[in-house]
Amino acid sequence: MRYKIPYKIVPLHLNYVLLHMHTDIIMKPLRIFFGILSGVLFFAQAQTIEEGEKLFKGNCAACHKVDVKEAVLVGPGLLKIRDRWQDKQELLKIWIKEPKKALATGDAYVKELWDMYPSEMPGQAVNDAEIDAILMYLDNPPVKKVAASAVVATEKDSDADNNWLVMLVLSGVLLIVYLVARSLGTQLEELAAKKRGDKHTHLSIFEEICLFVHHQKTWVVILSVVLGLMGAVRGYLALMQIGVYPGYHPTQPINFPHDVHTSKDMAGIECVYCHNSVEKSKHAGIPSANVCMNCHKGIQEGRNTGKSEIEKIYKAVNFSPKTMQYGNPKDAEPIVWNKVHNLPDHVYFNHSQHVVVGKIACQKCHGPVETMQTVSQYSPLTMGWCIDCHRETEVPGYTDEKNKYYRELHARMDNKSLQKMLEDDKVTVSELGGLECGKCHY
Amino acid sequence: MNMDTNKKYWKGHQAEHSPSLSEFSQELPQDVFLSGTALEDSQTSRRDFLKYLGFGVSAAALASCEAPVVKSIPYLNKPEDITPGVANWYASTYFDGYDYASVLVKTREGRPIHIQPNKQFGLGVLNARINASVLSLYDGERLQNPIVAGKAATWETLDAEVKTALTAIKAKGKKIVLLTPTLASPSSQAVVDTFVQAYGAEHVIMDSVSRSAMRKANEQCFGKAILPSYHFDKAKTIVSFSADFLNDWLINTANTQQYAKGRNPENEWMSAHFQFEANLSVTGSNADYRIPLKPSEEYLAILALYNIIAKAKGANILAGAEIASMESKVQTAAQSLLANAGKSLVVCGHNHVYLQVIVNAINNLLGNYAQTIDLQNPIYINQMQEDNILALLENMKKSEVGAVLTWGVNPAYYLPNADEFMQLYKQVELTIALSLYQDETASQAKYIAPIHHYLESWSDYQVIHGQYALAQPTIGSLYNTRQAQSSLLTWADKDADYHAFIQEHWISKQFKKQNKELNPLTFWNNSLHNGSAILQENPIAVSAFANLDIQALAISIVAEYKAMQKQGYELCLYRKMSLGDGSHVANPWLQELPDPMTKATWDNYITMNPKDMEKHSFVTYYDQEKPLSVAQIQIDGKTLELPVFPAYGQKQGTIGVALGYGRGANNEKIGKAAYQTQEYGGYMEDASGKRLPIGKNAYNFVARTNQSWTLHTAGVQVVPTEKTYLIASTQTHHTVMDRGSVLKETTFATYKNQDKSAYNPANTLQVWSEEKQAFDEINIAQADLWDAHPNIGHRWGLSIDLNTCIGCGACATACQSENNVPVVGKDEIRRVRDMFWLRIDRYFSSDYNAQKAEEDGKSGVMGAIEKYHLMEVPSHEDTLSVVFQPVMCQHCNHAPCETVCPVAATTHSSEGLNQMTYNRCVGTRYCANNCPYKVRRFNWFNYTGYKKFAEVNPSQDVQARMVLNPDVAVRTRGVMEKCSMCVQRIQAGKLEAKKAGTALQDGAIQTACSAACPTQAITFGDLNDKDAQIVKKAFGARAYRMLEEVGTQSNVYYLTKVRNKA
């Protein structure tokens, strides 16, 4: 996918020049005008970097890192690449678009690059404006924060497990203490009885319990009611968990490390690069093996498992890493993955709706995949979970003046509905009908 | 382990003391299940057993809650244009010698799942048969391998043997004959020519039903044996003699489209349609004036019509007393024709050369040629000539024929003299069938070369002069089949790549006929993308109307009329909207589609006027338990036994039988759904263990006269039998019984000249006014128990124009295909458990109303019963008129079903939809009880799994399951379902708009029914979008809501039916 750059790129120092102009009365309005203009331009530049990042991830990230030249993925790291090409900026553009054409110019640096890396740089279908955006991004890649909420949540869960263990051990100890004390008491009693010469008739545990219950009727009733209620509640909650599998973590045919591929300090590939139907379809899509081969034709050894896992891809597509040739496609074998996130058949869920219209990050439902090795189910995927989100989440397009769909909707709305909707100053999914059965069940 | 508790229980004294007292009439076979010592030795008591059983069951139940592991297999190398979850649409063309249409094929992940008309390019008009054709692609009973001498073989073996055999026969000097249906395909014709040239073969065209008389008549009148293009849209008066042009006659899809254009009452004029016929056809039911006549009477009527027109135009009049007697019947039609001379059309469905010449003469007198009939741009359908078939038979008799190749034809089934043909066929040295199924003909062939389904095939067509169309594969071949053209090319020792052949042919032959595209390959690609191309063809030159001796023809016709006045009935054979000529017999969607007139499904029957039935004491009332009488029809030693169906509108003295039934009489492998099934599954079989076909084959009743083969015969005897037969019909009532708010009907003059109150009066309610101390009449819409729904954007609605609805059922099959509506089979239909989300109600007119009853003194309790009984009977055949009303969920704003659901499984959406949530439904069926429109359907069975439906429900078939729409849930047993107004399409359409950030365009979303309607009678849209098409219709003068007085405030609007009659 390619993006159009809506603004023309103008060098930043224009702003600087404007600041040092004479403060003439005539010049003042002009300065204000140019000030606003440069503000717009600066905004445009920030946008351009953002566009550049998207373009980079869509086109380049498969083979290049945003790192120093020595950080080789398939090709070299591209951080501040403009500095390396210095006065040959035009040649760089030609190199990106048509590498062979650049090679034909006979430039020494191009020749050096060509020989240095085994994989041929393919020509990229980008225009000059897009290349500018990418280069601008590479000059100054913004640093982003990584969400950490998920990690906290998992820690909390393990805390709860520990509490249960402590309780169990404690009750075990208490039970032992009680049994020891009781047997001591019985023995003492027997001893005393022997001393007295009585024929001892000590009570069995069962009889003792019956006697206790007989004496403590009120307390026993209260206790049983409380215990019964607790049991019912726990039972109900347990039943509600049937078919709910947060944490479901099936073994996969290939031990695919999401962290290595997506984490910023490793390959840093955008989710959408591989799961590319997420913006178009209801399915995010498991990437086809040819997408893997875009990079793994070059990268034949992984950092965790060496060659063993990557070779499974080669086997699947019938590719020989030695000869770098594909064999007969008839001998290729599809990879049978185990689906992690399963929704029941009677639910219609559309990824593109949530990602494109809802502008929701993948991590919101799938968790910090960039920290997971093989993926496990992060969210409960229950209807309650869906509904909660629909209740709280604002519809991002609704306030967007450019979104004609929602403008039209807004214009048609009757006053009463509108007032009710805007009581809390936000328009949530549920207020636009997102809780209705027929939105997901048909 | 000792599980014995050693406890004894008191058994009750009866058990000990009176052993004779027993609850069971028979001794329980205790010794059977207590035999062996294992149980006696066991220490496990009954209570223990139950304990462990209980534990086991609950443990198993809990264990089964564990989610099954779901596998997911992505593409290894994803095709660039396939995105899982997103449909791809391909333009293609359907043509089978009978139906012709430009289609869009919806494919999901490479599977074709739905057919929609290609309205943008080509002839985008579908009927039920074309809609349902996608299902036949997945028929597992299709031929899956080449067959040599009854055994599966490889293509190499077959090709080698066929080539050797053909060469040998050629060397012997014997004839090689290639039988095909009407191809109308330039490249296929080129392939045939190649083959014919290679082997000196002969090409004979064979259709199931002949229209050769029209070609012959045109040859006599204009010097060319052609079929002209008819323009029903330009005709202000249409007179049809037994031409069922909306279903059966020439290119029915084109006729339908044009007919609907001329029937719009919003225009300045609306066509007046006169239909003379015996059987009540789809076309006849839409006519303004339907005049029931026997076929023999039609002969005279045509002559009488000629006379009136000729008199007015100053031409010679035909003599004959009989002719004059019929003039009163055609007078009104003739006046209308004369008033619209040059803008009228007379058509005739009889395959009778003289009649067709007379009809040509009438059209000529009226000046209709070059106006409504275009001879210069003919059509290429129905090319069969009986003479060629008869000549072939002669040659076969003389043993001159050494090889017969049948490609897509089935003479063993539909040739009127099939027995004679097959006897000779079996003696032919080499017989090769290029066929989809091992059908009646193919099963007798020595070699079978299985062919592709049309969705797997390439093809090009020129069915209408200058209008070219392309068909392309939308899926790779499912089985080991081969395109028929490739087979012929292989055998002719040419390159078998038909794709290359057709592309080359298209570029070399068609490229020069246009000047829009400059690059041949772009031209090919664009044509393929559009599915059709309109090219410059030279008009066909015809001579002026020949001066024929009409009088001589008239004398001959009158003589024929006299000869037909025999004892007995006149039989009229017809083809049904559903099964057509019988090639769709394996398609359960079509088998279950109710006949537009009789509403009967899964069956063939004799249609007879109830008055005639009374003469024979046949049963005229039928329902789910009351069977119909079975009768035998006889003529010339041929007999046929079928149930007799009370058909209102059938001309007295005539009977009708549908062709296309009785396929697979010898148990050929022609599809699972082609045979009768038993109540609990399995096929019905005769004494010899052969499966019983559905209905009977009536093709041998086609009359073979010297000139041509006709579909009607006189002198047919109807002999009652003792047998009875249960019929499955979806509608057993006939009239609206004087209820005003179901149907509204008016005349064109009233609609144009009078106020809305004259033809569409508002429903009012009398309300007591305290101020006035009197009753006030208020509009029903103002009286409401409920608050209005909040408006937050959309309100979806449908408008259905009763005027343009022709009752064809295309919407019903489209709905079935889109929404995974289950097929339930005859037995369940009979029990009124059909699952159609969209049904088409057919109402006959009745003159009897409450007012008349009052006059007759039919009031009071007892009188009322008689009154209602009389209301149920449709009017006399001469004044009988028909209205079709498609009924789906009305999506009431104040829905009665919603208020009674105990679990809120059916709720209202903010967009005006009545939602049905299957996973919430517990199946109380309160909603269905409370629905005034009776559109809710209950899943009585697990249709996709229960053995009863194994033969009829395609979802039980591994392959046919692939046709299911993945965006719609397949409902399970015990839940209610109904029309969702294609909510999946609404959601998808909205999503596209949201993603693009554009306003939702009117027409961007279409429901399956609105997209499929060949006459655009159904309009879907947003009632809140003031510029939308639907707003003009639904809030227009003709619009009303069905049963508005109930107060449901439905979102489906009907537009009053308008008839162009006095």
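The simple spin-label model puts a point 7 Å past each Cα toward its Cβ; for B:Asp738 and A:Asp400 those points are separated by 6.1 nm.
Quick one: work out Rg over Rh on the C-alpha atoms of the range B:862-921, Rh as Kirkwood radius.
On the way: Rg = 19.4 Å, Rh = 15.3 Å.
Using only Cα positions, Rg/Rh for the range B:862-921 is 1.26.
Charges were assigned to the Cβ only: +1 to each Lys and Arg, -1 to each Asp and Glu. The resulting dipole of the range A:195-269 about its Cα centre is roughly 400 debye. Charge tally around B:Tyr943: other residues with Cβ under 10 Å, Lys/Arg +1 each, Asp/Glu -1 each, net +2.
Counting only helical runs of four or more DSSP H residues, what would the 222 nm mean residue ellipticity of chain B come to if each run contributes -39,500 (n - 2.57) and the total is spread over all its residues? Walk me through the numbers on the way to the answer.
Numbers: 34 runs with 309 residues, N = 1062.
One gets -8000 deg cm²/dmol as the mean residue ellipticity at 222 nm.
Taking the Kirkwood radius as Rh and the Cα radius of gyration as Rg, the range B:314-357 has a ratio of Rg/Rh equal to 0.98.
Charged side chains reduced to their Cβ positions (Lys and Arg at +1, Asp and Glu at -1) give the range B:914-1062 a dipole of some 420 debye around its Cα centre.
So how much slack lies between A:Lys364 and A:Arg391, counting 0.36 nm per residue of separation and subtracting their Cα-Cα distance, in nm?
8.2 nm
Which whole-number percentage describes the relative contact order of chain B, with Cα contacts under 8 Å and a sequence gap of 6 or more? Provide the component values of the computation, followed by the final result.
Values: 2228 pairs, mean separation 140.9, N = 1062.
With pairs under 8 Å counted, the relative contact order is 13 percent.
A Förster radius of 22 Å combined with the Cβ-Cβ distance from B:Asp419 to B:Lys398 puts the calculated FRET efficiency at roughly 0.70.
Which order results if B:Arg985, B:Arg1038 are arranged by neighbouring Cβ count within 10 Å, fewest first? Spell out each step's value before the answer.
Numbers: B:Arg985 21, B:Arg1038 24.
The order, fewest Cβ neighbours first, is B:Arg985, B:Arg1038.
Here each label is just a point 7 Å from Cα along the line to Cβ, and for A:Asp425 and A:Arg234 those points are 4.5 nm apart.
Among residues other than B:Ser817 whose Cβ falls under 14 Å from its Cβ, what is the net charge (Lys/Arg +1, Asp/Glu -1)? Can you show the working numbers first?
Working: positive: B:Lys106, B:Arg108, B:Arg111, B:Arg129, B:Arg961, B:Arg985; negative: B:Glu592, B:Glu818, B:Asp967.
Value of the local net charge: +3.
Using a Förster distance of 35 angstrom, determine the FRET efficiency expected from the C-beta separation of A:Asn127 and B:Thr522, and round it to 0.05. About 0.90, to the nearest 0.05. Derived scalar couplings between HN and Hα for the range B:100-105 equal 9, 7, 8, 10, 10, 9 Hz in order, rounded to whole Hz, by the Karplus curve 6.51 cos²θ - 1.76 cosθ + 1.60 (θ = phi - 60°), x for Gly and Pro. With neighbour counts taken as other beta-carbon atoms within 10 Å, the residues B:Tyr52, A:Tyr137 rank, fewest first, as B:Tyr52, A:Tyr137. Where in the range A:112-134 is the amide nitrogen less than 20 Å from a point lying 7 Å along the Cα-to-Cβ axis of A:Glu270? Flagged as within label range: A:122-134.
To the nearest µm²/s, what D does Stokes-Einstein give for the range B:860-1003 at 20 °C and 1.002 mPa s, using the Kirkwood radius over alpha carbon pairs as Rh? Numbers along the way, then the final one.
Working: Rh = 18.9 Å.
Rounded to a whole number, D works out at 113 µm²/s.
To the nearest whole percent, what portion of all C-alpha pairs in the range B:88-137 is separated by more than 19 angstrom? Percent of Cα pairs beyond 19 Å in the range B:88-137: 16.
Measuring spread by the Cα atoms of the range B:537-630 yields a radius of gyration and Dmax of 21.3, 61 Å. The chymotrypsin sites (Phe, Trp or Tyr not before Pro) found in the range A:234-322 include none that occupy coil by DSSP while having at most 15 further C-beta atoms within 10 Å.
Derived scalar couplings between HN and Hα for the range A:96-111 equal 5, 7, 9, x, 5, 5, 5, 5, 5, 5, x, 5, 5, 5, 5, 4 Hz in order, rounded to whole Hz, by the Karplus curve 6.51 cos²θ - 1.76 cosθ + 1.60 (θ = phi - 60°), x for Gly and Pro. Give me log10 I(q)/I(0) at q = 0.13, 0.20, 0.24, 0.25 Å⁻¹ for the range B:73-173, Debye formula, one equal scatterer per alpha-carbon, no solvent. So the normalised log intensities are -0.75, -0.98, -1.14, -1.20. Summarised as an ellipsoid, the range B:222-379 has semi-axes of 22, 18, 16 Å, derived from the eigenvalues of the Cα gyration tensor scaled by 5 and square-rooted, with the largest first.
Neighbours of A:Thr428, meaning other residues whose beta-carbon lies under 10 angstrom from its beta-carbon, give a summed charge of -2 when Lys and Arg score +1 and Asp and Glu score -1. Taking a point 7 Å out from the Cα of A:Ala71 in the direction of its Cβ, the residues of the range A:263-295 whose backbone N falls within less than 15 Å of it are A:263-270. Here's the list of lysines a cross-link from B:Lys690 could span, going by alpha-carbon distance under 25 Å and ignoring same-chain residues fewer than 8 apart: B:Lys151, B:Lys426, B:Lys446, B:Lys638, B:Lys669, B:Lys672, B:Lys723, B:Lys826, B:Lys947, B:Lys948. Across chain B, the volume of the C-alpha convex hull divided among the residues equals 260 Å³ per residue.
Applying Stokes-Einstein at 25 °C and 0.890 mPa s to the Kirkwood radius of the protein assembly as shown, computed over alpha-carbon pairs, gives a translational diffusion coefficient of 64 µm² s⁻¹. Its Cα centre serving as origin, chain B has a Cβ charge dipole (Lys and Arg +1, Asp and Glu -1) of approximately 880 debye.
What shape does the range A:203-242 have by the C-alpha gyration tensor, where a ≥ b ≥ c are the square roots of the eigenvalues, rounded means a/c under 1.5, and otherwise prolate means a/b greater than b/c and oblate the rest? Working shown, then result.
Details: a/c = 8.40, a/b = 2.44, b/c = 3.44.
Judged from the Cα gyration tensor, the range A:203-242 comes out oblate (a/c at least 1.5, b/c at or above a/b).
Seen through its C-alpha gyration tensor, with square-root eigenvalues sorted a ≥ b ≥ c, the range B:256-340 comes out oblate because a/c lies at 1.5 or above while a/b is not bigger than b/c. Rounded to a whole number, what is D in µm²/s for the range A:296-442 from Stokes-Einstein with the Kirkwood radius over alpha-carbon pairs (4 °C, 1.567 mPa s)? Stokes-Einstein gives a translational diffusion coefficient of 66 µm²/s.
Calculation over all alpha carbon pairs of the range A:180-225 in 10 angstrom steps from 0 returns a P(r) of 24, 36, 27, 11, 1 percent. Each principal axis of the range B:567-729 carries a Cα extent, and these read 42, 41, 32 Å when sorted largest first.
In plain terms, if you count all Cα to Cα distances in the range B:485-559 and split them into 5 Å steps from zero, the share in each step is 3, 12, 15, 12, 9, 10, 8, 5, 6, 10, 9, 2, 0 percent.
When you count the other C-beta atoms within 10 angstrom of each residue and take the mean per peptide, A:344-356, B:721-733 line up highest first as A:344-356, B:721-733. Projecting label points 7 angstrom from Cα along Cα→Cβ for A:Glu190 and B:Phe775 puts them 10.0 nm apart. Computed from Cα atoms alone, the Kirkwood hydrodynamic radius reported for the range B:927-1056 is 17.7 Å.
Where a number appears in this text, it was derived from the coordinates with a stated rule and is not lab data. Predicted, not measured: the structure shown is a model, and the values here were computed from it. No Cβ is skipped: glycine too gets one built from the backbone with ideal geometry, and neighbour counts run over all protein chains shown.
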